[in-house]
Amino acid sequence: MAEKLLEVKNLRTEFKRDKTWVTAVNHVSFSIDKGEILGLVGESGCGKSVTSLSLMKLLSPINSRISDGEVLINGKDILKMDKKEIRKIRGHEISMIFQEPMNSLNPCMKIGKQIVEAILLHNDIKKEEAYERAAEVLRLVGIPEPDVTLKSYPHQLSGGMCQRVMIAMAMSCEPELLIADEPTTALDVTIQAQILELMEEIREKKNTGILMITHDLGVVAEMCSRVIVMYAGRIVEEAPVQELFASPKHPYTQGLIASVPKLGSGEESLPSIPGSVPDLAVMPQGCKFAPRCKYAMEICHEQEPELLTDESGVHKCRCHLMNQKEQEAQNV
Ligand code: SF4
């Protein structure tokens with residue numbers, strides 16, 4: 001039986017806007033097993049990155065707060081840890097690859113120093129040994145001359161190389177859980193394929209659990225075994241990847257899948273989801289997707305649907321339409 005690595009229970013994250021608190025992540029629950037790749041998808045502003053930053057406790061306390069929930073890594077609640085305890089598990093148990101390598105690496109520090117600093121923070125080893133380990137992880141991420149790269153500044157490397165360095169840094173302390181927030185968005189397709197292959201290799205070698213945050217459904221189809229779809233800070237659908245692509249239940253997921261270009265389809269224009277993600281401060285009553293949904297019924301504007309599991313036991317969906325269909329099927 002698969003071993004649970006991460007369990008997120010009822011996570012709620014809020015931001016201060018003017019003098020009120022608005023909810024960006026609303027009672028989100030999910031788990032990741034050791035060695036599993038879980039995809040987290042949705043449009044910009046749906047709460048994916050805020051979820052990941054909440055897991056790492058990286059949000060600024062000045063304008064944000066985690067007001068409810070638990071984040072258990074190997075059974076320990078990250079949200080209850082103090083700064084010292086958090087620093088101990090960051091890098092070692094849980095690590096993150098950020099969206100923009102150029103913005104995340106320190107431009108004034110050589111690559112070697114940045115990786116070695118992370119290794120020394122989490123391991124009781126000598127500097128020379130840390131340098132050797134840094135060169136080893138750079139080799140692992142496919143950098144041909146690690147010694148040259150260690151002596152380089154970020155601006156001397158290409159975008160693809162910087163992203164590999166970010167992955168190397170995240171992997172340098174051999175974390176059990178890797179959070180990859182749009183790890184290939186800034187890269188061209190060839191480098192993207194190499195980076196994804198590399199992450200898959202790392203997962204196989206180290207049995208690393210990976211949370212893959214992306215808006216690219218192609219990446220999800222290729223990499224993940226399970227997918228969560230988020231909308232307006234809520235999980236609206238969750239299913240094994242093949243099941244989700246074969247029979248998406250939520251109209252939002254259906255819209256996302258329909259808007260992916262299909263080779264040779266002959267379509268002149270791609271279908272799109274009308275409207276945009278609602279403002280956190282003025283959420284519609286009832287289903288948050290109702291203003292954009294072509295199936296919206298009266299009940300959708302009044303009552304927020306619950307996230308319910310279908311008869312398969314693995315496919316969850318938050319939609320009145322699905323609830324009605326399930327009820328009809330039960331009554332037949
Ligand atoms: Fe559309 Fe209603 Fe389902 Fe929301 S609950 S997605 S509005 S059908």
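Quick notes on this one:
- Residue in the range 123-142 that is open to solvent by 10 Å² or more (accessible area, probe 1.4 Å) and touching a Cys at 6+ places or on another chain (Cβ under 6 Å) present: no
- You will find that of VAL236, VAL227, the residue that is within 12 Å of the ligand (Cβ to nearest atom), aliphatic (A, V, I, L, M), within 25 Å of MET212 (Cβ to Cβ) and touching a helix residue (DSSP H, G or I) at 6+ places or on another chain (Cβ under 8 Å) is VAL236 and no other.
- Output for the range 293-319, where each listed residue is more than 8 Å from the ligand (Cβ to nearest atom) and open to solvent by less than 20 Å² (accessible area, probe 1.4 Å): ASP310, HIS315, CYS317
- Those residues of the range 186-202 which are touching a residue at least 40 places away in the same chain (Cβ under 8 Å) and within 16 Å of LEU105 (Cβ to Cβ), in sequence order: ALA186
- Only residues that are more than 8 Å from the ligand (Cβ to nearest atom) and under 26 Å from LEU38 (Cα atoms) were counted in the range 272-287, giving 6.
- Selection within the range 63-87: residues that are in contact (Cβ under 8 Å) with a residue 60 or more places away in the chain and part of a strand (DSSP E or B). The member of this set that is farthest from LYS34 (Cα to Cα) is GLY69.
- Selection within the range 274-319 - free of Cβ contacts under 8 Å to residues at least 60 places away in the same chain and in contact with a Ser or Thr (Cβ under 7 Å, 6 or more places away or on another chain): none
- Candidates SER60, SER44: the one that is without any contact (Cβ under 8 Å) to a residue 24 or more places away in the chain and in a loop (DSSP other than H, G, I, E, B) is SER60.
- Considering the range 176-286, the qualifying strands (runs of 3 or more DSSP E), each wholly inside and each with 1 or more residues that are of a type outside the set (Gly, Ala, Ser) and in contact with a Gly (Cβ under 6 Å, 6 or more places away or on another chain), run over 177-181, 209-214, 226-231.
- Checked against (1) under 20 Å from the mean Cα position of the chain (by Cα); (2) modelled with pLDDT of 95 or more; (3) not charged (D, E, K, R), CYS293 passes all but condition (1).
The values are calculated or read from the model by the stated rules, or taken from the named source; none is laboratory data. Note that the coordinates shown come from a computational prediction; the quantities given were computed from them, not determined experimentally. FYI the Cβ positions are ideal-geometry reconstructions off the backbone, even for glycines, and counts take in every protein chain you see. For the accessible areas, the whole protein counts, side chains as well, though only heavy atoms, and no ligand, DNA or RNA atoms are used. Shrake-Rupley method; radii C 1.70, N 1.55, O 1.52, S 1.80 Å.
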